[in-house]
There are 4 protein chains.
Amino acid sequence: MPGNTFGTNFRITTWGESHGPAVGVIIDGCPAKLALSEAEIQREVDRRKPTSSRISTSRKEDDKVEILSGVFEGKTTGMPISILIRNKDAHSQDYTNIKDLYRPGHADFTYDLKYGFRDYRGGGRSSGRETVARVAAGAIAKKILKLKNKTEIFGHTLQIADIKATKFDKDFIEKNDFRCADKAAAEKMLKFITKLRTQGDTAGAIIEIIIKNPPAGLGDPVFDKLEANLAKAMLSIGAVKGFEIGSGFSGVTLKGSQHNDQIQMKNGKVTFLSNHAGGTLGGISTGQDIVIRLAIKPVSSIPKAQKTISKSHKNAIIQTLGRHDCCIAPRVIPVAEAMAALVLVDHLL
Amino acid sequence: MPGNTFGTNFRITTWGESHGPAVGVIIDGCPAKLALSEAEIQREVDRRKPTSSRISTSRKEDDKVEILSGVFEGKTTGMPISILIRNKDAHSQDYTNIKDLYRPGHADFTYDLKYGFRDYRGGGRSSGRETVARVAAGAIAKKILKLKNKTEIFGHTLQIADIKATKFDKDFIEKNDFRCADKAAAEKMLKFITKLRTQGDTAGAIIEIIIKNPPAGLGDPVFDKLEANLAKAMLSIGAVKGFEIGSGFSGVTLKGSQHNDQIQMKNGKVTFLSNHAGGTLGGISTGQDIVIRLAIKPVSSIPKAQKTISKSHKNAIIQTLGRHDCCIAPRVIPVAEAMAALVLVDHLL
Amino acid sequence: MPGNTFGTNFRITTWGESHGPAVGVIIDGCPAKLALSEAEIQREVDRRKPTSSRISTSRKEDDKVEILSGVFEGKTTGMPISILIRNKDAHSQDYTNIKDLYRPGHADFTYDLKYGFRDYRGGGRSSGRETVARVAAGAIAKKILKLKNKTEIFGHTLQIADIKATKFDKDFIEKNDFRCADKAAAEKMLKFITKLRTQGDTAGAIIEIIIKNPPAGLGDPVFDKLEANLAKAMLSIGAVKGFEIGSGFSGVTLKGSQHNDQIQMKNGKVTFLSNHAGGTLGGISTGQDIVIRLAIKPVSSIPKAQKTISKSHKNAIIQTLGRHDCCIAPRVIPVAEAMAALVLVDHLL
Amino acid sequence: MPGNTFGTNFRITTWGESHGPAVGVIIDGCPAKLALSEAEIQREVDRRKPTSSRISTSRKEDDKVEILSGVFEGKTTGMPISILIRNKDAHSQDYTNIKDLYRPGHADFTYDLKYGFRDYRGGGRSSGRETVARVAAGAIAKKILKLKNKTEIFGHTLQIADIKATKFDKDFIEKNDFRCADKAAAEKMLKFITKLRTQGDTAGAIIEIIIKNPPAGLGDPVFDKLEANLAKAMLSIGAVKGFEIGSGFSGVTLKGSQHNDQIQMKNGKVTFLSNHAGGTLGGISTGQDIVIRLAIKPVSSIPKAQKTISKSHKNAIIQTLGRHDCCIAPRVIPVAEAMAALVLVDHLL
């Protein structure tokens, strides 16, 4: 069961390692005659770059998108779209001193266990670097959804460590380094992260992804419920430890009579009086907003000394120096948006 | 994308409606020469039955398991195993008075939207009745895991409404109607549910699934991470609104240095000093216990009057009388255990 | 890679052994609101029964079709359709004396090799008995094609041993035991087979499947060409050793200028001046008739003594008595028609 | 159902158009720790190049293989292997004068029908150019089979037009432009093709693929029989119109007693006394040689004038000048070998 393909009808296959020559993605199943340019994909890919050196890695990647197939005279042909992104600013030598040590919280241990061998440079395939390919593919999925149904997908940071957003100003999201919709919270986050960084430590977060105007009727009974495929999509992102849709974990304290979203006709339209379901019923989208939340673990790469073992099973101490993010949440948002778009388009086509 | 198949190498396909003649499952990919009897499957299927009429439906189903293929002289042959379970105590007439109304919180609305037509008797295919087929298939998966790796999978109820278990007595789990590991909490739960039932209302819950001694090395990079497939499996269960692995949502308040599971050799064995990861690294099982938690929404079928609309889009009031569960958590546990076993075996084979 | 599922969008999973309690099939992905009765499926299933005791097995099967799910008030619901067919006239004791011998031309040797164990009664899963499930599923596929596009699929026997049909009277096909479209040839076939049977031997054949009015535009580039999926479908039938589409093997002696199907507008319609392609270009149906031919090997079960080995690798002599077909071609025709219909519908949906 | 992926466990996805910037393939599921160099893949890719300008296109492609991922320090890592091959000698202007005409025997008509739009340069995606990616992937599959089981896969030309090979000198195959194992026949073929070329016409052929020492036990019951997947693989090659395994179409004139491959122990080894089956029983490989034959249609691109229609449905006359093969068989052989290897490895892993 090779794990690098996602989707059935709109199917992507990604490839590439953090410090190899390039990363990329094949998108198979994209409808023909969709206008598509490298620039549109570039815009989404750029959103995934470090938002600020104060909270993120200082690795500088151009992430220049090249379309190698499937587009002719500015339009998709229905054939597979191959997208290539060269790696540039890879400091592989940063990793040689830890190549025989297992970084806690990373895939080093399990990759060696499973494959007997690994590309240790920057995590190789297990690096977050691979998500740039998801974002590139997601840009196309987003465009299809927008054209078909005016669907809009966006995410924001609800919480970093203990600091919670309590206001929601959508316009502010893309104007701050945390993609937080609450200006006061964003300021606290910045203060907190700036200090945490000096301590050689990292923070976790909760992010929310909102899908406005999703097509109704997406999702299939039993195993391919829309929320099941969304959950899979989100948990496939390295840092994600939890997934909720609608009321999620907080819904367990409600009674059935409170939790059920009652229905009424209003101005000739089917209207739900609440959205505890989060946009699906029986695994199929109702057309209401789809609302999901993700738990993002604190970044595992920390300069602080930690206990670990070597490949030859000796106890050791490790410090992960390199160039790392202090809180990855703002950069996970475009990835999670992309995954959401991919799930929806896959069900739509 | 028909949605009734789960898994790739150990692949199940379920079928059947709540009030049709039968439900069943085909298991394809089961290894040959495994000793297998109807009785073993029956034992697991029986665990899914209502635990007590005080908290559950009074529908009485024999749920008698029949193996129709794939087993010869008491052993599997490697061919597909077909399991049939006849429906018995179906009161379809309970549903005729609400056949044109959409029950809030149910799939009625979306099934009509998507298919233009539905079997309205007891929810038809969207009923929890289909999960009996999952449990039957899961019984085989559990057996394979137990034989291969002494893997044990069990679940318990952590919380109902506001009542939380604070102690853990494993032996008590199967001795109480809530599958709660805390005797005092179970007593409070019973009092609470008994009262809630008289109010015509229902409760939500959090359950935890623990996989002890999972095989190490299960899961694939990128999209088929073990936790991604577990999340999909769990969110495919109708009542589940949230999924966590390891630290989950509570992990976001930890620092990286606290959250990382440091590693040491102890008595010649690789030992993790904590288990915030919940048993996987980079999407691949480490061999540590896999620990997941699920948010279970309050049961949607309530006798209380609720606002809804009819098939012809008129406002209406609905009361779901029938025979329903007041808290479904204890019956979801065997289903979630089965789904966990199916995911693991699928990755194992 | 369990092998009992066929198709992606219209997906069937079959199960059951020759001498087990039943065989069956799940059809997943059938559109909702299709009128469907057991009687329609029964009609196709009955076409697969032995056409005459003079050429076929004397095993008498009712092959009574039972629909267990997915149909409500006479219409499909979009949910999986489970079809059950009980086995009746199974003489398992016929097989006990050869249970440790490998019948030449049968799967006995390879099943033991692969699975270490097999249901030896009548070939178990490898028996042609499993094809009854394909025919049942194919009946639904045929109906969909007929309703959507007036597509008609039928087969006939072109050749048995050296006897070739040279005339084509479509109406005669279902009026003779060989499904041969040439009356004179059918008479010769009957004489030949009647004699061959007394010699304890069996015959091979060539059959042709014609798909009239197929939907245009079916098939996908590169690996999922329509003819590729048709070839797979046909070679999955036990007795088939060869597949041709259009000109097939005889086309190799034509020149490009003769083989190319030139195109002209006639009465405002796109018209191909010949059909060497057999109905597809670049793997996609043109709308022309799809014409395929299959080589059917002589039946392997023969009463004549043959050299073989036992399970414990001793030399032995075997005679397959039981009740067997002398020429299976007429019974393969409904199976091949069903497989063709399944491929087309899978691409259509 | 996007059609650019082949295989389940050893899964390839190809992309690229004849006159786009590049073609390529992702191989997912390749085991880790396999030594792999660009040079080994290059060797196989070079075998697909035109063997001689006397019979083939004069298009000159470097076909330089670049590995972009999945290989580290000379060994595979278990991660997806991305292979890129830049297109060089593309004369796209050759096609502008026929961009609105449908070339008979080509996918032009059906691509426009299905996608409403196509890359007309050299057939775009439907060009044989895409097979270079299959050969690159097949090189890895061949290596795995060779290491695991000393399996050898090779093909040769049995017949061109009416000229049949009657001798078999394996060593001669790669020493002549036709990959014919019969020196005298090869000379006749050369004379024939040389003349045919001056007439502006093309020839068909029969090729044979032999798999020596295949692993035993490959293939799955019912739908995923080894020969079913081989048939699909072969019919996915553009020029293939027919497929046979073992006795194939000629087997229909044998009696069961002649056709059955009897079995005997010889020197302690299971030995089949003939190989009419062609290497499988019940869809599973026996370990005998797998022998398949393919019908290759005459090349469709011919300079002779032919009737056709334009995109706007006007009658027209077309001459396909460009640079084309006169008989494609010798170049199909490495592609068919690659597809055979891919099927076997997919079943093996």
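Some observations on this one:
- B:Ser37 paired with B:Lys99, simple spin-label distance in nm, labels 7 Å along Cα-to-beta-carbon: 4.4 nm
- Cut-off under 5 Å, modelled amide H: who pairs with A:Leu158 long-range: A:Ile206, A:Ile207, A:Glu208
- Relative contact order (%) - region C:5-348, alpha-carbon pairs under 8 angstrom, separation at least six: 23 percent
- 7 Å along Cα→Cβ, label-point gaps from A:Gln258 to other copies, nm, shortest first: 2.9, 8.4, 8.4
- Label-point separation in nm, D:Gln258 to C:Thr194, each point 7 Å along Cα→Cβ: 2.3 nm
- Summing charges over all other residues whose Cβ lies under 10 Å from the Cβ of B:Val345, with Lys and Arg as +1 and Asp and Glu as -1, gives +2.
- Inter-copy separations for A:Asn97, label at 7 Å along Cα-Cβ, nm, ascending: 6.8, 7.8, 8.2
- Under 5 Å between amide hydrogens, built in the peptide plane, is the criterion, and for A:Ala22 it picks out A:Glu17, A:Asn87 among residues at least 5 positions away or on other chains.
- Karplus 3J(HN,Hα) series, Hz, for region D:161-169 with 6.51 cos²θ - 1.76 cosθ + 1.60 (x for Gly, Pro): 6, 9, 8, 10, 6, 10, 10, 9, 10
- At R0 = 56 Å, FRET efficiency that the Cβ-Cβ distance of D:Asp289 and D:Lys314 yields, to 0.05: 0.60
- Fluctuation leader among C:Ser312, C:Ser52, C:Ser127 - chain C, Gaussian network, Cα springs under 10 angstrom: C:Ser312
- For a paramagnetic label modelled on B:Lys148 (point 7 Å from Cα along Cα→Cβ), amide N atoms under 18 Å away belong, within region B:281-311, to B:281, B:283-291.
- A 1.4 Å probe run over the protein chains yields, for the protein assembly as shown, 33 Å² of accessible area per residue, whole-number rounding.
- With respect to the axis relating copies D and B by rotation, the chain D residue whose beta carbon is closest, plus that distance in Å, is D:Thr8, 4.
- Neighbourhood charge, 11 Å Cβ-Cβ cut-off, centred on A:Ile12 and excluding it, Lys, Arg +1 and Asp, Glu -1: 0
- Working note: Karplus 6.51/-1.76/1.60 with θ = phi - 60° gives region B:246-255 the couplings x, 5, x, 5, 6, x, 5, 8, 7, 8 Hz, where Gly and Pro are set to x.
- Distances between equivalent label points of B:Lys183 across the copies, with each point positioned 7 Å along Cα→Cβ, amount to 5.9, 9.1, 9.5 nm, shortest listed first.
- Count Lys and Arg as plus one, Asp and Glu as minus one, and take only other residues whose Cβ is under 9 Å from that of D:Val45; the net charge is then +2.
- Cβ-derived FRET efficiency at R0 22 Å, D:Ala305 paired with C:Lys266, nearest 0.05: 0.70
- Within a Gaussian network of chain B (alpha carbon springs, distance under 10 Å), most fluctuating of B:Gly24, B:Gly248, B:Gly155: B:Gly248
- Of the peptides C:30-39, A:185-194, the order by per-residue mean of other Cβ atoms within 10 Å, starting with the highest, comes out as A:185-194, C:30-39.
- Region C:172-246 versus region B:136-196: alpha-carbon centroid distance in Å: 58 Å
- Each Cα pair under 8 Å and six or more residues apart adds its sequence gap; the mean of these over the residue count of region C:196-349 is a relative contact order of 36 percent.
- Cross-link pairs exceeding 31 Å between alpha carbons, from the set A:Lys167/B:Lys99; A:Lys195/A:Lys307; A:Lys167/B:Lys241; D:Lys164/D:Lys304; B:Lys269/D:Lys142; D:Lys183/D:Lys255: A:Lys167/B:Lys99; B:Lys269/D:Lys142; D:Lys183/D:Lys255.
- Between C:Lys167 and C:Leu321, the contour length at 0.36 nm per residue exceeds the alpha carbon distance by 51.8 nm.
- Accessible area per residue was computed with a 1.4 Å probe on protein heavy atoms; B:Asp46 scores about 60 Å².
- Whole-angstrom gap from region D:14-33 to region D:295-349, using each part's C-alpha centre: 20 Å
- Here A:Lys60 is the anchor, and the lysines within straight C-alpha reach of less than 19 Å, apart from those fewer than 8 places off in the same chain, are A:Lys49, A:Lys88.
- Fluctuation leader among A:Ser18, A:Ser56, A:Ser257 - chain A, Gaussian network, Cα springs under 10 angstrom: A:Ser257
- C versus D: buried accessible surface, summed, Å² (probe 1.4 Å, to nearest 100): 8300 Å²
The values are calculated or read from the model by the stated rules, or taken from the named source; none is laboratory data. All values reported here derive from a predicted model rather than from experimental measurement. Note: ideal-geometry Cβ built from the backbone for every residue, glycine included; neighbour counts use all protein chains shown. Only protein heavy atoms, including side chains, enter the accessible area calculation; ligands, DNA and RNA are left aside. Shrake-Rupley method; radii C 1.70, N 1.55, O 1.52, S 1.80 Å.
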